Amino acid sequence: MLLQRLSPSKEAGQVRPLPGRRSPMMLVAGVALTALGALVAWQVYGVASQRVPVLVMARDVPVGQPLQAQDLRTVALGMDTAVQSVDATGKSTVIGKRAAVALKSGTLLSPAHVTEALVPAPGEVVVPVALKPSRLPARGIQPGDRVVATAVSSGQAGQGAAQDHPARVDRVGQPDADGLAVVDLVVPAAAGTTLARQAAEGSVAIVLQSQAG
């Protein structure tokens, strides 16, 4: 009995085996993750470090108001090439141009935000006209086209009398569920209300004029 207690256990004398080597797949995955992390860090650093001085609105400017130097400030931003902006070096090219839309303080200025001419100009109005495809030229119309909006008055005195309104196309909307396309026409202010009433009656058709001359 005494000898049995003094004799060491076979299990106590066993040595645990060393852990086996890592799987080659695990090593490859670890290297790939490390490389991916380095690539993401490089891209983030690249975007952050490539800051471009651009123009931002320093205060609110209503639509149609000419831009002044104090309306703008310069900030350095990491810009994506898909974002439209005005480089700070081009500040002089936008001073004096009019705001095409209402510009709020802090807004990144885009070339589309300014315009040389205000629409409508003094003495002009914009009249929206909803038109069926049959009331438009098959070739379509584009902003800037010179057209004639012709209508037949529904009034008793002028019934059957054609009324023509020379106009300029400002914008052309997409057809709605009923197939109607809204066309913004720029006409003299004196003809605006008359054309608007005729458009509401659905009696307007568009005649495309020659763009030559």
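Select from the range 167-191 the residues that are assigned to a strand (DSSP E or B) and exposed (fewer than 15 other Cβ atoms within 10 Å of the Cβ) and write down the one among them that is modelled with the lowest pLDDT. The extreme case among them is R171. Would it be correct to say that Q211 is outside any strand (DSSP E or B), closer than 28 Å to L118 by Cβ and modelled with pLDDT under 90? So Q211 passes the test. Against the list (1) in a loop (DSSP other than H, G, I, E, B); (2) surrounded by 15 or more Cβ atoms within 10 Å (Cβ to Cβ); (3) modelled with pLDDT of 90 or more, the condition A138 fails is (2).
If I ask for residues that are within 16 Å of P66 (Cβ to Cβ) and surrounded by 14 or more Cβ atoms within 10 Å (Cβ to Cβ), which ones from the range 84-94 would you list? Answer for the range 84-94, where residues must be within 16 Å of P66 (Cβ to Cβ) and surrounded by 14 or more Cβ atoms within 10 Å (Cβ to Cβ): V86, K91, V94. Within the range 153-165, restricting attention to residues that are surrounded by fewer than 16 Cβ atoms within 10 Å (Cβ to Cβ) and in a strand (DSSP E or B), which residue is modelled with the highest pLDDT? Looking at residues that are surrounded by fewer than 16 Cβ atoms within 10 Å (Cβ to Cβ) and in a strand (DSSP E or B), I get D164.
Just to be sure before I move on: is V75 surrounded by 13 or more Cβ atoms within 10 Å (Cβ to Cβ) and modelled with pLDDT of 90 or more in the structure I sent? Judged against the criteria, V75 is a match.
The set of residues in the range 72-119 that are in contact with a Ser or Thr (Cβ under 9 Å, 6 or more places away or on another chain) and assigned to a helix (DSSP H, G or I) comprises A88, K91, P111, H113.
In the set (1) over 18 Å from the mean Cα position of the chain (by Cα); (2) more than 20 Å from A167 (Cα to Cα), the condition left unmet by D80 is number (1).
The values are calculated or read from the model by the stated rules, or taken from the named source; none is laboratory data. Only a predicted model underlies this, so the values are computations on that prediction, with no experimental measurement involved. Cβ sites come from the backbone with ideal geometry, for glycine too, and all protein chains shown count toward neighbours.
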